[in-house]
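Only one structure is covered here, and it is reproduced in the block below.
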Amino acid sequence: MLIKFLGAADRVGGSAVLLDTGKKRFLFDYGNILDEDTRKNFQRVSYPPFEEVDAIFISHAHMDHMGGLYHLISKEFRSNIPIFMTLPTMSIGMLLLKNSIQIIDGFVNHGIMHKLYQLINLKKYNETFNFGNYKFTFFNSGHVLGASLIYMEGDNKRICYTGDVNTNFTLFQTGIHIPEQIKNVDLLILESTYALKSTPPLGEEEYKFMSAVRQAVSQGFVLIPVFAFERSLRVSDLLIREGIDHTIVSSLIFHLILKTKSLLKGKSKRYLGKIKQHLKRKKHVLEDTHALDKGRVILTTSGMLSGGFALDLLPYLTSGDSVILPGYCVKGTNGRYLLDEHKVYIHGKEVNLNHVNVLNFSLSAHAPHEGLMKIVKEINPKQICVVHGDNTSDFAKYLNDNGYNAYAPSNRESIII
């Protein structure tokens, strides 16, 4: 069985893994890639190379894992390929995909979106289904709502692709639980976003984040750039719990709340109702002459400052104001540039923000080093391919030094198991 890493092998972005059994060809994820110049021009996105396949399996709703689906149909590749995912991944992911295409292309071809919906086959967690002579199961990966481990069994081989994983409890997820079915697999394809980073316990990091917000509010205006899905809701929930008034400015987040609310029950659904009360339209914020005053807090997109209302606000920040980034920023994005250089690009022009306080916290939905090692120990795979990280080779070496058989492939590299 041949495994080809089409994207996100040695970096974050453009996840795509091809499994060629000799009888069938399967694609796990097909995401977009934020190019190195994305901070200068958000339209600079690309996609992994595509090869003909019999079916596509999507792990979760983030665009670096499913943002290339529209591209496949628009470029007139085979348009009858079944696409498998969970209901939350479809509900939330297709909304995010539409928004992403609107930003990148300036318009959305609704015929292409309709075709994509027709190709989607919904599957529940723990539901084993057949495709040809091969069995597949989606298991909860703990990352975001609907996110899945993808497990395949056939030709006397067992493979588990993690997508993105999290071992911590979050607003909508309880963290990954390793099912017996995937233990001792022949191959584990493992994400490694925070593989070499030991993050503080989530409660401790949240405490540090909230302490920083309280201090920043006492000094000036606070801008918190957030990812529309999950991170925005999680940060808003923290602020509500701490009694910190704030405004969420994003029509996308509004629509995501509606989608997410329909998928939830009980306490999490009630939290969404509270979060919704903090939403405001952009025009109302622009009309508010005190919107950027000391003590005011705005949450808006995008999380890595690659676009969105956050970029519009940055030039108006003054001394004493703060930008608090609550998560990971990929190399080449404005968010990483701001953290490293205190500068951003807005409409292609470099803007210096040395006068602004810039902070970064790890309110991440990815498993830290300890979490990944716990997953590896519980699954105990025969072989591990480390992907989706900035230090995949170093983590593979660490795994090998600790008794595992690990390898860090490069993009477009193939292995045989």
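Return a yes/no flag: does region 196-204 have any residue that is crowded, with 21+ Cβ neighbours inside 10 Å, touching a residue at least 40 places away in the same chain (Cβ under 8 Å) and among the aliphatic types (A, V, I, L, M). No, the conditions are met nowhere in region 196-204. Going residue by residue through region 293-314, is there one that turns out to be buried (at least 20 other Cβ atoms within 10 Å of the Cβ), acidic (Asp, Glu) and either in contact with a strand residue (DSSP E or B) (Cβ under 6 Å, 6 or more places away or on another chain) or at pLDDT 95 or above (or both)? Scanning region 293-314 turns up no residue that is buried (at least 20 other Cβ atoms within 10 Å of the Cβ), acidic (Asp, Glu) and either in contact with a strand residue (DSSP E or B) (Cβ under 6 Å, 6 or more places away or on another chain) or at pLDDT 95 or above (or both).
For region 316-331, residues that are out of contact with any strand residue (DSSP E or B) (no Cβ under 6 Å at 6 or more places or on another chain) and either over 21 Å from Ile104 (Cα atoms) or of a type in the set (Gly, Ala, Ser) (or both) total 9. Just one of the listed residues (Gly335, Gly295, Gly320) is touching a helix residue (DSSP H, G or I) at 6+ places or on another chain (Cβ under 6 Å) and closer than 23 Å to Lys282 by Cα, and it is Gly295.
Can you say whether Pro49 is at pLDDT below 95 and either surrounded by fewer than 20 Cβ atoms within 10 Å (Cβ to Cβ) or not assigned by TED's automatic domain parsing to the domain that holds Thr392 (or both), as far as the supplied structure shows? Yes; evaluated as a whole, the condition is true for this residue. Pairs meeting the criteria (first residue in region 346-362 and within 14 Å of Thr318 (Cβ to Cβ), second residue basic (Lys, Arg) and part of a strand (DSSP E or B), beta carbons under 9 Å, at least 6 apart or on different chains) are Val351/Lys343; Asn352/Lys343; Leu353/Lys343; Asn354/Lys343.
Within region 189-230, the set of residues being within 17 Å of Asn360 (Cβ to Cβ) and of a type in the set (Asp, Glu) comprises Glu204, Glu205, Glu206. Restricted to helices (runs of 4 or more DSSP H) entirely inside region 302-417, those with at least 3 residues that are of a type outside the set (Gly, Ala, Ser) and in the same structural domain as Leu18 (by TED's automatic domain parsing) are 369-379, 392-401. Only one of these is surrounded by fewer than 18 Cβ atoms within 10 Å (Cβ to Cβ) and in contact (Cβ under 8 Å) with a residue 40 or more places away in the chain: Thr247, Thr289. Name it. That would be Thr247, the only listed residue that is surrounded by fewer than 18 Cβ atoms within 10 Å (Cβ to Cβ) and in contact (Cβ under 8 Å) with a residue 40 or more places away in the chain. Per the conditions (1) surrounded by fewer than 18 Cβ atoms within 10 Å (Cβ to Cβ); (2) at pLDDT 95 or above, the sole criterion not satisfied by Lys282 is (2).
Residues in region 151-167 that are hydrophobic (A, V, I, L, M, F, W, C) and touching a helix residue (DSSP H, G or I) at 6+ places or on another chain (Cβ under 7 Å): Cys160, Val165. Checking each residue in region 380-417 for being surrounded by 20 or more Cβ atoms within 10 Å (Cβ to Cβ) and touching a residue at least 40 places away in the same chain (Cβ under 8 Å) picks out Pro381, Ile384, Cys385, Val386, Val387, His388, Gly389, Thr392, Phe395, Ala408, Pro409.
For region 347-379, the set of residues classified as more than 27 Å from Ser211 (Cβ to Cβ) and either surrounded by fewer than 17 Cβ atoms within 10 Å (Cβ to Cβ) or small (Gly, Ala, Ser) (or both) consists of His347, Gly348, Lys349, Glu350, Val351, Asn352, Lys374, Lys377, Glu378, listed by residue number.
Among the residues of region 78-99, are any basic (Lys, Arg) and either surrounded by 15 or more Cβ atoms within 10 Å (Cβ to Cβ) or part of a strand (DSSP E or B) (or both)?
Taking region 78-99 first, the residues basic (Lys, Arg) are 78, 98.
This time we only want the ones that are either surrounded by 15 or more Cβ atoms within 10 Å (Cβ to Cβ) or part of a strand (DSSP E or B) (or both), so: 98.
Yes, there is a match, as at least one residue in region 78-99 is basic (Lys, Arg) and either surrounded by 15 or more Cβ atoms within 10 Å (Cβ to Cβ) or part of a strand (DSSP E or B) (or both).
The values are calculated or read from the model by the stated rules, or taken from the named source; none is laboratory data. Here the structure is a predicted model, which is why all the values come from computation and not from measurement. Positions of Cβ are backbone-derived with ideal geometry, glycine not excepted, and every protein chain shown enters the neighbour counts.
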